[in-house]
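Q: Just dropping this structure here.
Read-outs throughout are calculated quantities, based only on the coordinates presented, and are distinct from any laboratory measurement. Computed from a prediction, not measured in an experiment: that's the story for all the values here. Methodologically, a virtual Cβ is constructed for each residue, glycine included, from the backbone with ideal geometry; neighbour enumeration extends over all protein chains shown.
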There are 4 protein chains.
Amino acid sequence: MDVFERLRSSAVDEWTAYVDHAFVRQLGAGTLPEAAFRAYLVQDYLFLIQFARAYALAAYKSRTPADIRAAQAGLAAILDETELHIRLCARWGIGEADLAATREHPATVAYTRFVLDQGAAGDLLDLHVALAPCVVGYAVIGHALAPRGVDALADHPYREWIADYAGEPYQAVAARARDHLNDLAARTLTEARFPDLVATFAAASRLEADFWQMGLDAASA
Amino acid sequence: MDVFERLRSSAVDEWTAYVDHAFVRQLGAGTLPEAAFRAYLVQDYLFLIQFARAYALAAYKSRTPADIRAAQAGLAAILDETELHIRLCARWGIGEADLAATREHPATVAYTRFVLDQGAAGDLLDLHVALAPCVVGYAVIGHALAPRGVDALADHPYREWIADYAGEPYQAVAARARDHLNDLAARTLTEARFPDLVATFAAASRLEADFWQMGLDAASA
Amino acid sequence: MDVFERLRSSAVDEWTAYVDHAFVRQLGAGTLPEAAFRAYLVQDYLFLIQFARAYALAAYKSRTPADIRAAQAGLAAILDETELHIRLCARWGIGEADLAATREHPATVAYTRFVLDQGAAGDLLDLHVALAPCVVGYAVIGHALAPRGVDALADHPYREWIADYAGEPYQAVAARARDHLNDLAARTLTEARFPDLVATFAAASRLEADFWQMGLDAASA
Amino acid sequence: MDVFERLRSSAVDEWTAYVDHAFVRQLGAGTLPEAAFRAYLVQDYLFLIQFARAYALAAYKSRTPADIRAAQAGLAAILDETELHIRLCARWGIGEADLAATREHPATVAYTRFVLDQGAAGDLLDLHVALAPCVVGYAVIGHALAPRGVDALADHPYREWIADYAGEPYQAVAARARDHLNDLAARTLTEARFPDLVATFAAASRLEADFWQMGLDAASA
């Protein structure tokens, strides 16, 4: 059993509440209010800025050229994703000025700073376990929302978002992240610290669920 | 005008929403539901653990023996406060086992990790500006809730909490924190970075208001 | 006067002892013992790994997408330079196995960890001032050692090294680093902290001179 | 076998070169030139300031009140030791102004910043392994230099220094540090990371030996 699977099965309630959140189900069904999606998109942009910092932290905490290089690739990928995000926002009528003017929601602050602090206080395994619900979770969600493939999404209103995470490139990113967790665990996982890692994974999953909830709340406000 | 006063007057809406929050008003009036106070007390214990880490971070980031010593005194004071907090909780029927078993609320995660990250990413001024709404704000609130002095609180249900923050020792702690901010500002405050510090101060004040709201929400849940 | 020039002229003895070190003069005259150059090359490889971490730290400490992006570009450039360095070492008969088997010299530890700690304890200006003697200094040295241009180096034994740092691409890197220092100073430099920055710059210049000395010592050992 | 003993026996050459350095032998024999001792004392003061920061870093990286409290006690103890050190320096004719005016020697920079960076990049075990040659080593050296007890030192010129580290209080500090290493190892030591910890321990021991050498060099300069 790989480490991600061990973590997931040890925090299955928190995991399910996150990947099967009402926001996700409505997104998949195409019934998610546009206001919810838009609120999510803007906060996700602010989220990505902090996630880029988390990969920079991983590079700083690395000791070998190979580990630095892997973290740098992650950082570069997120910076590219940020650019794509700006274009996606534009297609939903959200300009760069809107993004810059928006304040981080407490749910955005809570998850991103939690991840950054786990990484600053702990080691690379602590950091990547805190990142995993996001990095791997989006691949799981993307896959689940496109059960008959990306082409079958036709004119689904959230086609583009689903296709991004269901598509091969992102699925490969998530697969590499799982491999990396296994590699880090082979180096530094003791059974004595496993409960702490489960606590980190569960907390990160709950904070991700709060992030979806923030989107729904914005639409009903 | 001292730096704290400049920050406060530049974020007066966020400040007022925090120090004059319904939780605070009900606490002062003695009408706050016990369930709200108890939920707050438990989270405040978890909060203090992270605040101790923030003072440790300040000591780590210091360069002179005097600055290290000042931060160490702050750290020691918070560890003492944590002990007092355990005793206060006990008087409200919350045992150490309860404290240990309680999970950090997202509002606790958001404010504490925000402060820690401001400190890790920035300098000592960034860190202490993020701490100021808490350190100075509690003195302001304590003073406001005991307008005729601590002795006049008689059998106020939250007498002990108000007396702690209204009392001379804590008022002196807050006064020293303001002086320290002025000292740090004399060394490192440029006008170009003032807007960033206001943004930090305003964000921290909002996150503190969310912390009060968490208490109220717990009582109405 | 730009900030780099202010720092340099405030630490002119340390600066001169570094950029005009016997190692540099012998390198320029082509009289440097090969053993000295080889010892330097190997340690410089280990040095670059830590410098990559320093740019990762800069990305982590950044707050805006533009600053993260700039630091990420610096990190990527150093990782590329590390690859070039491996090829340069190979041409001097030093294989990757040799590089991996070599221990960091105390002079390498001292400068690299000093820079990383200045960055972790301080802000981005502290970090970039500690990096400046290296980043800008190598451009100054490269330029000085190729007074009639790179083409005139003909069959100079250290032609390739000198050409790298005298060449337009590296000169542009150094020019951008100076601009970046000016930009950071415009945001965060107070006169009160200038003496601390001079102390950092002077210490870094001394540690760079020690790094040259390590090369000479290796040849005379 | 406790973890300290495992580390020591895996880096026995580096350990012996440190604890049995000529500086130590001459110190024990009472033949160490006063200039060497004085140069050492001044740098050791600067060293302690950075070691205080290392314990602050340990407190910041801790997650439980017990761990924060233990690190805080270490920090407080070092700050006290710094005060004692100022008095010891005074008895050797070195005033506070001299201490403040002295620059960190590269050997001081190398060891202290190495420790701080191991701690920032790694976890608490990495940090405490880097600290161990100092914390435990001084107890081993103190014990070795007072084979017939502290009282037998009579009018040994370095009586006071030897008695400090040979005495019961410091021996207890070192014993607790060994226990703490065992505790951290029980939580987070995998066999896969043991070679990295040996490398850290060996590097720290070499940097400690360089620190003694700096004292001898100062006397022969």
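Q: Treat the count of other C-beta atoms within 10 Å as a stand-in for reagent exposure and order A:Arg6, A:Arg113 from fewest to most.
A: Ordered by Cβ neighbours within 10 Å, fewest first: A:Arg6, A:Arg113.
Q: Taking a label point 7 Å from Cα toward Cβ, how far is A:Ile86 from its twins in the other copies, in nm, shortest first?
A: 3.3, 5.2, 5.3
Q: While we're looking at this one, here's another question. What's the exposure ranking of D:Thr102, A:Thr200, B:Thr82, D:Thr31, going from fewest to most Cβ atoms within 10 Å?
A: D:Thr31, D:Thr102, B:Thr82, A:Thr200
Q: What is the average number of partner chain Cβ atoms found within 10 Å of a Cβ in A:67-76?
A: Average per residue, whole number: 5.
Q: Can you give the net charge of the other residues whose Cβ lies under 12 Å from the Cβ of A:Val109, counting K and R as +1 and D and E as -1?
A: Residues near A:Val109 contribute -1 overall.
Q: If you don't mind, there's one more thing I want to ask. Exposure proxy check: B:Leu189, C:Leu84, B:Leu27 ranked by fewest other beta carbons within 10 Å?
A: Details: B:Leu189 20, C:Leu84 12, B:Leu27 23.
Starting with the residue having the fewest Cβ neighbours, the order is C:Leu84, B:Leu189, B:Leu27.
Q: Suppose every Lys and Arg Cβ carries +1 and every Asp and Glu Cβ carries -1, with no other charges. What dipole size does the stretch A:80-221 come out with about its Cα centre, to the nearest 20 debye?
A: Numbers: 11 positive and 21 negative charges, 42 e Å.
That gives a dipole near 200 debye.
Q: Something else about it: Excluding B:Arg176 itself, what net charge comes from residues whose Cβ is under 14 Å from its Cβ, given Lys and Arg +1 and Asp and Glu -1?
A: Value of the local net charge: -3.
Q: Just to confirm the numbers: A:Ala22, label point 7 angstrom along the Cα-Cβ line, distances to the other copies in nm, shortest first?
A: Those separations, rounded to one decimal, come out as 2.1, 7.8, 7.8 nm.
Q: Quick check: the distance between the Cα centres of the stretch C:76-121 and the stretch A:127-177, to the nearest angstrom?
A: 38 Å
Q: Quick one: label points 7 angstrom along Cα→Cβ at D:Gly149, distances to the other copies in nm, smallest first?
A: 6.0, 8.3, 8.8
Q: What does the average come to when, for each residue of peptide A:118-130, you count the partner chain Cβ atoms lying within 10 Å of its Cβ?
A: What the average comes to for A:118-130 is 4.
Q: Here's a follow-up. Identify the residue of chain A whose Cβ lies closest to the rotation axis that maps chain A onto chain D, and give that distance in whole Å.
A: Result for the A and D rotation: A:Asp123, 2.
Q: Other chains near C:100-112: what is the mean number of their Cβ atoms within 10 Å of each residue's Cβ?
A: Working: counts 2, 0, 0, 4, 4, 1, 11, 2, 1, 11, 13, 4, 4.
Average per residue, whole number: 4.
Q: Another question, then. Where in chain A are the DSSP H helices whose alpha-carbon span along the long axis reaches 24 Å or more and whose Kyte-Doolittle mean is at least 0.5?
A: What comes out of the filter, once short or polar helices are dropped, is A:34-61, A:124-145.
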